[in-house]
1. Share of antiparallel DSSP beta bridges in segment B:109-260, in percent to the nearest 5?
2. Would you mind giving the mean number of other chain beta-carbons within 10 Å of the Cβ of each residue in A:367-376, as a whole number?
3. Run the label-point distances for B:G153 please: 7 Å along Cα to Cβ, every other copy, nanometres, shortest first.
4. Determine, for each peptide in A:281-287, B:287-293, B:137-143, A:236-242, the mean count of other beta carbons within 10 angstrom over its residues, then list the peptides with the highest first.
5. Would you work out which of A:N347, A:V300, A:P315 lies farthest towards the positive end of the dipole of segment A:291-390, given +1 charges on the beta-carbon of Lys and Arg and -1 on that of Asp and Glu, about the Cα centre?
6. Exactly which trypsin sites (Lys or Arg not before Pro) in segment B:312-384 are in a DSSP loop and have at most 10 other Cβ atoms within 10 Å?
7. Compute the convex hull volume of the Cα atoms of chain B, divide it by the residue count, and report the result per residue in Å³ as a whole number.
8. Find which of A:P260, A:T366, A:L126 sits farthest along the positive direction of the dipole of chain A, computed with +1 on the beta-carbon of Lys and Arg, -1 on that of Asp and Glu, about the Cα centre.
2 protein chains.
Amino acid sequence: MSWRSAGLGGAFLLVAVTVASAQPAQPDPVRDKVRAYRAAHEKEIVGELDGLLALPNVATRVADIERNADHLTAMLERRGFAVQRLSAGPGTPPAVYGELRVPGAQRTLMFYAHYDGQPAGQKGWLSDPFKPVLRSGPPGPNLKDIDLQSVTGPLDPEWRIYARSASDDKSPIVAILTALDALRASGLQPSVNVKLFLEGEEEQGSEHLGTILRRNTALLAADAWLLCDGPVHPTRRMQIYFGARGVAGMELTVYGPLRPLHSGHYGNWAPNPAVELAHLIAEMRDEEGRILIPGFYDDVRPLTVAEKQAIALMPPVEAALEDELGLGRTEGKGARLQDRLMDPALNVRGLRSAEVGEGAANAIPTEAQVSIDFRLVPDQTPQKVKDKVEAFLRAKGWHLITEAPDKETLKAFPKVARIAWSLDYAAHRTDMSLPVSRAVATLVERAAGGPIVQAPMLGGSVPMSTFTDILKVPMIGVPIVNHDNNQHGINENLRLQNLWDGIEVYAELMAGMGTMMGK
Amino acid sequence: MSWRSAGLGGAFLLVAVTVASAQPAQPDPVRDKVRAYRAAHEKEIVGELDGLLALPNVATRVADIERNADHLTAMLERRGFAVQRLSAGPGTPPAVYGELRVPGAQRTLMFYAHYDGQPAGQKGWLSDPFKPVLRSGPPGPNLKDIDLQSVTGPLDPEWRIYARSASDDKSPIVAILTALDALRASGLQPSVNVKLFLEGEEEQGSEHLGTILRRNTALLAADAWLLCDGPVHPTRRMQIYFGARGVAGMELTVYGPLRPLHSGHYGNWAPNPAVELAHLIAEMRDEEGRILIPGFYDDVRPLTVAEKQAIALMPPVEAALEDELGLGRTEGKGARLQDRLMDPALNVRGLRSAEVGEGAANAIPTEAQVSIDFRLVPDQTPQKVKDKVEAFLRAKGWHLITEAPDKETLKAFPKVARIAWSLDYAAHRTDMSLPVSRAVATLVERAAGGPIVQAPMLGGSVPMSTFTDILKVPMIGVPIVNHDNNQHGINENLRLQNLWDGIEVYAELMAGMGTMMGK
């Protein structure tokens, strides 16, 4: 086993990674040159990322997205890319497409990343999520702000950039472009034509992605698409993935009395919507993660033997994570995290009814709301999941509506729930044994200087099925960001060492793929 | 049956009440004179109430409470009351006590009201809760603001004053003082000495009330205490009550991972606190109001035959309320509201975990919180309820703490919950057959001009047990405000007709109690 498989604890890992950066197990000329370039341009690289992170990028605000697209266009054109904006129509978030032809290259590699981000309105951010700040480490005591301009000498690779999308998913864009800069500065050339597809609404469910892909199948042709999204393995080992779970979101609101009622004078008689919601949630999912909706697991495609073997080879992470996250138990009665991620999941992402704490009044709330995301696996589809959930709710006596109810509707049915879906996309798993799959694995391993993790399917969601259904192209995920990046939460951050590693990984792929696949 | 028992529907009720004001079933000289006084001073009476409502009065802000006490002192002194501020110590909300000796009176009547209010931070108020606004009716379409100064002629009795504490519980104070003004202006005198006890922290659990009462037992002696708090009967009939349920509040927070986690990469494995909270709530209470905590009903004292008879005489309100509130079902499988209010209750007053709707992120929340109020009946005590709830939670595997947990605590126990109680006070029921009980019933009936509702115990909570345990005095509730006042919720309001009726009720009691009890 290499040095990377030994350490599971947070503190130990930091030491291991630092050592690894200085003493790679396997020497490699491409990586060494790229590393030297990076070491000479660290502040410049961070500065370019900061400039991108300073642009608010929640995809529901298309004007913000357009500003990001303009900024990205300029970044790509500086490197000689031919850039186009691909859109499904006016007022929709565009994808930014860039193409760089390499003389003599027979193969084409497409890099995918997304430049939109999750909403950042949660309380608890250390600073404005769209004003990137360099800090001395992960969130916690003794965390210090770093003034980049006043730093002399190399940046501490454990420092982190705090901002929405620092990890998910703007830093891979900067890593790809810096990889190209580093190759060129070192007198090396990509062995493949390089294409970039930068999506603008991934975090909002990729509503227009299918349209964009269908309209541009020729333009977007490639020997492989590399998905530069998601985190590295929690052990901090580099990881590639051949699939990703699908996702569907559901907002459910249940109703009590038309106006808030004094709980003393009407409680025990007027139905309490917060109690009804609690029962509804408890009936849908147990405390071990098992979804109790009849037939929910019917469409789950079993894992192949190769997939099971790959999962078995993934290093155990559970003890380290339990420590890091302060977990006194895990769901699934002790099952491994990786095994759990191969199953569909129901996550309650938010609850809301009236007020709690100091603001709570002794009243029966008028409504209670739950926000849920479902993670899907092959061969579930969002539509089938919707149908099963709604059939279940109806069987439990709920009258389902899609708009705010009027009084007559509320009176006509014992239980009324308003339901809103975002039927995002299905799951996908790519064949791990294709030549292109093996070439990517080899090159990422070369960049990492040791064994990497190969996941048949990522727990998170990337719209792989949307691409593969339309483009019929092999897709492999090559993520670079730290696993503890608070992606989707407050204080999202990127560890600098992960950005440095990412530059080397993408440079190896650009330099080597054409050669390995037959230039 | 009188005119007041026939109408149950909202629209019909409004007609009935208006007619009743003009054509009382039983003539009465005291009431007629008081009514004439009120009719001549309507804008002045509303103006005095508006001035009091303009003072923010959440009892956690003692400086606000002191400003209210100053204002009330001036109002009482204008009427010749000897006023004292009764306090449990510096920095605590004081009670305002006023005493008016009547020459020749042998009996003393104490009026209780509270001048603090529920927090008003909820979203959805039509206007600032501490800037009273007169409007054309209850909340709903076509509601109009009324400019009091520009009104000529009598005020429409269906107009309402919107403000926090408009109903709960500042308007009774103005009704009592106006009753006294009206008697004097009519050449009538109270037949009893009149005392006022105005509490300053009822909505925060009356923490210091016991101390104030114990230190002032001689000062606060009276033949009866009248509690001027709570609403009239939902049929709009006048109602008196001989008891009130007790109350205890609980805030419970359960914990997930230390930081928000991407639901795709960690869901199904890292425990979801919102799901755990849903199960916990569902295990504590069913959807029919039944509390599932073992032994919870052990201390419930059965109703007497007289109490059961009084309840049976209370008019049915269910069909009208179900219509008014838009209820498609009720808890308790069709049981009557009044019967349900004789049982203890668990009300979920709020839920909170991460975000819902547009702000929801696909993450596992770090915590989930529920806010609960328990309504107690004799002979339950807040302490016994706390013990039973905590024993239940521990039996379900929860490790209970009272401060925010550290990482070591979270790791040491499979389930950790932070619990905070407000052990307010127990329930009470006064003997309905005492002479003073019968006298109050007779006089309120006289003011109402027809039969009234006599409730053995109000569903809401008033600290009757605190008074009766210390002062050993008969206590009877004489509420005046409209039942549909949004008490404790947004857009709390007072219907003017209820203020007018309240003035007449309190005037009858002041004028008649001494005579009826043997002056």
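1. Numbers: 5 of 15 bridges.
In segment B:109-260, DSSP labels about 35 percent of beta bridges as antiparallel.
2. Numbers: counts 0, 4, 4, 7, 11, 6, 8, 2, 6, 0.
Going residue by residue through A:367-376 and averaging, the value is 5.
3. 8.9
4. Working: A:281-287: 19.6, B:287-293: 17.6, B:137-143: 12.1, A:236-242: 25.1.
Ranking, from highest mean packing down: A:236-242, A:281-287, B:287-293, B:137-143.
5. A:V300
6. Numbers: sites: B:R329, B:K333, B:R336, B:R340, B:R349, B:R352, B:R375, B:K384; in loops: B:R329, B:K333, B:R336.
Passing sites in segment B:312-384 are B:K333.
7. Numbers: hull volume 82.9 nm³, N = 519.
Looking at chain B, the number lands at 160 Å³ per residue.
8. Comparing the listed Cα positions along the dipole, A:L126 ranks first.
Read-outs: derived from the displayed coordinates by stated rules, not from any lab. Note that the structure is predicted; figures quoted are calculated from it, not measured. Using ideal geometry, Cβ is built from the backbone for each residue, glycine included, and neighbour counts are taken over all protein chains shown.
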